[in-house]
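For reference, the structure discussed in these notes is given below.
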Amino acid sequence: MQHNSIKQFRITKENISDICRRAHRATDDVNLIAVSKNFDAEAIKPFLDEGQRVFGENRVQEAYGKWPILKENYVDIELHLLGPLQTNKVRQALRLFDVIHTLDSLKLAERIARISKEEHTQPRLFIQVNTGNEKQKAGLPLGEAVAFAKYCIENFFLHIVGFMCIPPVNQDSRLHFALLQKLSQEAGLSMLSMGMSADYEDAIFMGATHIRLGRVIFGDRM
Ligand SMILES: *Cc1c(COP(=O)(O)O)cnc(C)c1O
């Protein structure tokens, strides 16, 4: 099992390099976030041994069950929070995560600003945009994203690096990646968190700087 997933991981990395070449992009410009949600510390270790240092998790609580111990044994780990962040978990999140991809409300922005000051930390933040305007999905409406980014930067001095989206399951992701790319140009932000196992090739062609891959490297989640 584990052996297979490392093999799969190597193949995926080669695939990313190949896509970057075809898209005329430097491989270094595309950050691979290995999404380790639902996998425990033992399952993650082989990837750390393989040299991977950037990982994504969806839940603060789950991440605390594995990363503190892994951080004691491996240096330079960079953790990205990819799931919704409740305001009462902000302090915990800021103590563990380097990057948060799911900023989507003023209340959360305010809280992150206050607590990051107290904790003497400056997390990098992506603003999640609900590009498909789906009721059940988190993220700001498309039309509010640019103004929200400016507001957070000017009023809260937050380190906003770019936008993130999760396209609707039954639609062509490219439409949503294009919308996100346009937003980042309007806002003058340089990072784009888009592309998952099923659509990361398109995402790289459309300017993704952070692709978030789970299944394609770890295998199916339980
Ligand atoms: C689970 C998850 C991923 C990874 O999805 P895969 O389809 O397994 O690659 C990426 N981004 C977010 C926000 C996720 O929740």
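The values are calculated or read from the model by the stated rules, or taken from the named source; none is laboratory data. Worth saying up front: this structure is predicted, and the values here are computed from it rather than measured. All Cβ positions, glycine included, derive from the backbone under ideal geometry; neighbour counts span all protein chains shown. Protein only, heavy atoms only, side chains kept; ligands, DNA and RNA dropped before computing areas. Shrake-Rupley method; radii C 1.70, N 1.55, O 1.52, S 1.80 Å.
What Kirkwood radius, in Å to one decimal, follows from the Cα pairs of the stretch 92-157?
So the Kirkwood estimate lands at 12.4 Å.
Please report, as a whole percent, how much of the solvent-accessible surface of the chain comes from carbon and sulfur atoms (probe radius 1.4 Å).
In the chain, the share of accessible area belonging to carbon and sulfur is 49 percent.
Label residue 49 and residue 76 with points 7 Å out from Cα along Cα→Cβ: what is the distance between them in nm?
1.9
Per 5 Å bin from zero, what fraction in whole % of the C-alpha pairs of the stretch 54-138 is there, up to the bin with the longest pair?
Reading the bins upward from 0: 3, 14, 26, 24, 18, 10, 4, 1, 0.
Give the value in nm², to one decimal: projected area of the alpha carbon convex hull of the stretch 63-222, averaged over all directions.
Numbers: hull surface 40.4 nm².
Its average projected convex-hull area is 10.1 nm².
Given the options 84, 123, 46, state which has the largest fluctuation in a GNM of the chain using a 10 Å cut-off (strictly under) for Cα springs.
46
Direction-averaged shadow area of the convex hull around the Cα atoms of the stretch 147-193, nm²?
On the way: hull surface 13.4 nm².
The orientation-averaged projected area of the Cα hull of the stretch 147-193 comes to 3.3 nm².
Mean residue ellipticity at 222 nm from the helices of the chain, using -39,500 (n - 2.57) per DSSP H segment of n ≥ 4 over the full residue count, to the nearest 500 deg cm²/dmol?
Value at 222 nm, helices only, nearest 500: -13000 deg cm²/dmol.
Grab the eigenvalues of the alpha-carbon gyration tensor for the stretch 1-48, scale each by 5, take roots, and send me the semi-axes largest first in whole angstrom.
Output for the stretch 1-48: semi-axes of 25, 12, 7 Å.
Run the quick spin-label model on residue 40 and residue 61: label points 7 Å from Cα toward the beta carbon, then report their separation in nm to one decimal.
Between residue 40 and residue 61, the simple spin-label model gives 1.8 nm.
Which order do 42, 57 take by accessible area at a 1.4 Å probe, largest first?
I get 42, 57, largest accessible area first.
Across the Cα atoms of the stretch 114-197, what radius of gyration and what greatest pairwise Cα-Cα distance (Dmax) are found, in Å?
Looking at the stretch 114-197, its Cα Rg and Dmax stand at 13.4, 42 Å.
What translational diffusion coefficient, to the nearest whole µm²/s, does the stretch 1-98 have by Stokes-Einstein, given a Kirkwood radius computed over alpha-carbon pairs, a temperature of 10 °C and 1.306 mPa s viscosity?
D, rounded to a whole number, is 109 µm²/s.
Most mobile of 199, 40, 76 per a Gaussian network model of the chain (Cα springs, under 10 Å)?
76
So, in nm, how far is label residue 110 from label residue 92 when the simple model puts each one 7 Å beyond its Cα toward the Cβ?
It works out to 2.3 nm between the two label points.
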